[in-house]
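Worksheet: the structure to be examined is printed underneath.
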Amino acid sequence: MHNISIILNGISYSLQERTTLHDLLNNLGFNKGNIAIAINNNIIPKAKYLEVWLQENDKVELVTAFQGG
Amino acid sequence: MKLDNIELSSRFLLGTAAYPSLDILQNAIISAESEVITVSLTRVKFASQDNQFFEVLNKLPCRLLPNTAGCYCALDAINTAKLAREVFNTSWIKLEVIADDYTLQPNCLELIKATDVLIKDGFTVFPYCTDDFSICQELVNLGCKILMPMGSPIGSGQGLLNLFNLRLLRDKLPSINLIVDAGIGCPSDASQVMELGFDAVLLNSAVSHAVNPIAMAEAFKLAIKAGRIAYEAGIMPKRDFAVASTPYFNRPFSKQGI
């Protein structure tokens, strides 16, 4: 199986092709309840994480809660 | 007070940024008795999967109001709002679209564009806006039921720089929830906002940058309550000259007989 490269929070990240968002979060060890994801500026609803396959050069933003005013 | 049909007993909305520690943040919120606190988003750090801030949020009986801080155009603000809805599971959004770094004033044109899109997408928008009546009216026309005009620049602590405009907003928009956001420095500023008939105050730096944030949170809580009670009690009109409070009739040594 080939590897593909994505930009994850601004940093190049390598993963196996045919990886879903759900797989990515599992690999990273994140609880999906506390995060949100945008791919190429499109926000992906949590219900879609199993269906969305990551593609070469996808720009992925993975965000969580922070203090704010 | 009702915000978005939610009954709240506190009129003090508090920001969660820049406290000396998470423990002080938590105790300041408890001391403030705030029921709405503002939060933001950050990229996750891959080195640690735990988010201690989330643990603090989960302990507090507060509604969350995520912001779009750091956005300079409508598109970024819209996308940030949608991410916030996913993370915090709320349709409330404190919509900030900043014009420039020096003043941190709102970019009203971009704010209006983003407001239009987000309201149509089901968000309850709390726009951080200028105190300009025409801009505020435009936001109301788009469907905003809550407006958050600035008192003075964010984090400046300069208080209320344009009382005339704030008073005008209260007079012209009686059915809109008006919340002063930004620029509050000391409890008397907050009290003055409430005496004008504003519905609530949102502040952050005035508490988080205090020497004792927990005590300052309590001071603001009391000032906001005092200001509201004074507004409801009816503040006497100002007069140009003295008016004696003690009746002169039948004073001792008066030349006037009974």
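Annotations
- Neighbours by Cβ (under 9 Å, 6+ apart or cross-chain): first from the stretch B:9-24, within 11 Å of chain A (Cβ to nearest Cβ) and more than 21 Å from residue B:179 (Cα to Cα); second open to solvent by less than 50 Å² (accessible area, probe 1.4 Å) and modelled with pLDDT under 95: B:22/B:53; B:22/B:56
- Selection within the stretch B:199-258: residues that are of a type in the set (A, V, I, L, M, F, W, C) and more than 30 Å from residue B:35 (Cα to Cα). The member of this set that is least open to solvent (accessible area, probe 1.4 Å) is B:244.
- Cβ separations smaller than 6 Å between residues 6+ apart or across chains give the following pairs from the stretch B:66-80 residues that are within 12 Å of residue B:99 (Cβ to Cβ) to residues that are modelled with pLDDT of 95 or more: B:71/B:77; B:71/B:80; B:71/B:97; B:72/B:98; B:73/B:110.
- The number of residues in the stretch B:32-59 being open to solvent by less than 60 Å² (accessible area, probe 1.4 Å) and more than 17 Å from the chain's Cα centre (by Cα) comes to 9.
- Within the stretch A:25-41, the set of residues being touching a strand residue (DSSP E or B) at 6+ places or on another chain (Cβ under 8 Å) and part of a loop (DSSP other than H, G, I, E, B) comprises A:30, A:40, A:41.
- Selection count, the stretch B:67-90, where residues are touching a strand residue (DSSP E or B) at 6+ places or on another chain (Cβ under 7 Å), open to solvent by 10 Å² or more (accessible area, probe 1.4 Å) and more than 9 Å from every other protein chain (Cβ to nearest Cβ): 2
- Taking the stretch A:10-24 as the range and being buried (at least 18 other Cβ atoms within 10 Å of the Cβ) and under 9 Å from the mean Cα position of the chain (by Cα) as the test, the residues that pass are A:21, A:24.
- Identity of the residue in the stretch A:36-51, aliphatic (A, V, I, L, M) and open to solvent by less than 30 Å² (accessible area, probe 1.4 Å), that ends up farthest from the other protein chains (Cβ to nearest Cβ): A:39
- Remark: pairs (first residue in the stretch A:23-35, within 11 Å of another protein chain (Cβ to nearest Cβ); second residue part of a strand (DSSP E or B) and hydroxyl-bearing (Ser, Thr, Tyr); Cβ separation under 6 Å; 6+ apart in sequence or on different chains) = A:34/A:64; A:35/A:64.
- Residue match in the stretch B:103-123 (condition: within 12 Å of chain A (Cβ to nearest Cβ) and in contact with a Phe, Trp or Tyr (Cβ under 6 Å, 6 or more places away or on another chain)): no
The values are calculated or read from the model by the stated rules, or taken from the named source; none is laboratory data. Remember, it's a predicted structure, so these values are computed and weren't measured experimentally. FYI the Cβ positions are ideal-geometry reconstructions off the backbone, even for glycines, and counts take in every protein chain you see. Heavy atoms of the whole protein, side chains included, go into the accessibility calculation; ligands, DNA and RNA do not. Shrake-Rupley method; radii C 1.70, N 1.55, O 1.52, S 1.80 Å.
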